[in-house]
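Single-structure report; data block below.
The values are calculated or read from the model by the stated rules, or taken from the named source; none is laboratory data. This one's a predicted model, so the numbers in the text were calculated from it and none came from an experiment. Methodologically, a virtual Cβ is constructed for each residue, glycine included, from the backbone with ideal geometry; neighbour enumeration extends over all protein chains shown.
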C-alpha cells in the first residue's frame, strides 16, 4: 500500500530513469515507426536532448511533449519528487515548501504545484449506496464575528466507505446545490443531510432522504448522520489553514480536487497513480 522514499529513490535515481519511464509509458507499445513505418522500431536516447530517435530513419519523439513537463527547464527528477511529495502528504504541499526543498524560485515552485494539482481530477463513478451531503464555507472570519462575508461556498458528497466529491459553488441554495448533487449521486441512493432547506425535495427526485437536526444538537440517529463528510471538512480546513494559510477563490477548486483525490485513493499508493497520469497528454 505504501510508496516510500526508498522505493522512489530506487526506481527514479536520475533524470534519465525518469525520462525512460516517460518513454515506456507513452511509446512502449508502439508497433510501427510513425515516420518510416518500420515494424517494431528501436529507439535510442539522444543524449544532448530529452528525445528518442528511430534507429531506421532518425525520426525523433519526445516523451515530455504535451505533458505537464513540456518545455520545463527544471530537472525531470525534481518534477517526479514534487509529485511524490504531493502523494504522501496528508495536509498538502505549499509552493514555499517546494521552493525550499528544490532550491528553485517561488514562481517555478508555484507553477509546478499548480500543474501537479491539475493531475488530481475527480474521475470516479457516480456515488451510490449511502451518501452524505453537506455544504461549508472556506475563508477567513470577518473581524469580530462569524459572518460568511468573503467566504467561498463549497458543496461535498461522500459515499460511505467510498469516494468523496467536492465543488466550489456560487451559493448554498437549492438551485445551485441540487444540480451538483444529481450530477454525481445516482438515483435511488440513500442520502443523509442536515436540515438545510436546499435538500428538502430530494425524496421527490428519486432519492431516499433522511436528515439529522444539528440545531437541536442531534448529530446521529442510528446510522443517519453526516459525520463522514464533516470529518473530511475538518481535515480540509485544518490543512488549508496550516499549510496554505489562504487560497484564492480562483484556484480553490484545484485545492479541493487535491484533497478529494488523496481521500479517494486512501487505500492504495497514490504516487504510481499520479505519475501514470503525468505521462498522459494534457494539451
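Exactly one residue out of 28, 73 is assigned by TED's automatic domain parsing to the domain that holds residue 274 and either at pLDDT below 90 or closer than 19 Å to residue 274 by Cβ (or both): that is 28. Taking the criterion of being free of Cβ contacts under 8 Å to residues at least 40 places away in the same chain, under 12 Å from residue 130 (Cβ atoms) and in a loop (DSSP other than H, G, I, E, B), the only residue of region 189-210 that qualifies is 207. Contact map, region 211-223: residues that are touching a residue at least 24 places away in the same chain (Cβ under 8 Å) paired with residues that are in a loop (DSSP other than H, G, I, E, B), Cβ distance under 9 Å, separation 6+ or inter-chain. Pairs shown: 223/160.
Residue by residue, here is whether (1) closer than 12 Å to residue 121 by Cα; (2) without any contact (Cβ under 8 Å) to a residue 12 or more places away in the chain holds:
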position: 242; (1), (2): no, no
position: 250; (1), (2): no, yes
position: 259; (1), (2): yes, no
position: 262; (1), (2): yes, no
position: 266; (1), (2): no, yes
position: 275; (1), (2): no, no
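So that you can scan it fast, the table gives a plain yes or no per residue for (1) farther than 30 Å from residue 236 by Cα; (2) in contact (Cβ under 8 Å) with a residue 40 or more places away in the chain:
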residue	(1), (2)
3	no, yes
12	yes, yes
27	yes, no
37	yes, no
67	no, yes
92	no, yes
99	no, no
104	no, no
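Of the residues contained in region 99-115, one or more are found to be in the same structural domain as residue 41 (by TED's automatic domain parsing), at pLDDT 95 or above, under 20 Å from residue 264 (Cα atoms) and buried (at least 19 other Cβ atoms within 10 Å of the Cβ).
Consider residue 172 carefully, then state whether it is more than 24 Å from residue 231 (Cβ to Cβ) and in a loop (DSSP other than H, G, I, E, B). I'd like the intermediate steps shown before the answer.
Values: more than 24 Å from residue 231 (Cβ to Cβ): no; in a loop (DSSP other than H, G, I, E, B): yes.
Considered against the rule, which asks whether it is more than 24 Å from residue 231 (Cβ to Cβ) and in a loop (DSSP other than H, G, I, E, B), residue 172 comes out as no.
Here residue 280 meets the list (1) part of a helix (DSSP H, G or I); (2) over 13 Å from the mean Cα position of the chain (by Cα) almost entirely, failing just condition (1).
Reported count of residues in region 241-272, each being outside any loop (DSSP other than H, G, I, E, B) and closer than 30 Å to residue 218 by Cβ, is 6. For region 222-240, taking the residues that are crowded, with 17+ Cβ neighbours inside 10 Å and not in a helix (DSSP H, G or I), the one that is farthest from the chain's Cα centre (by Cα) is identified as 225.
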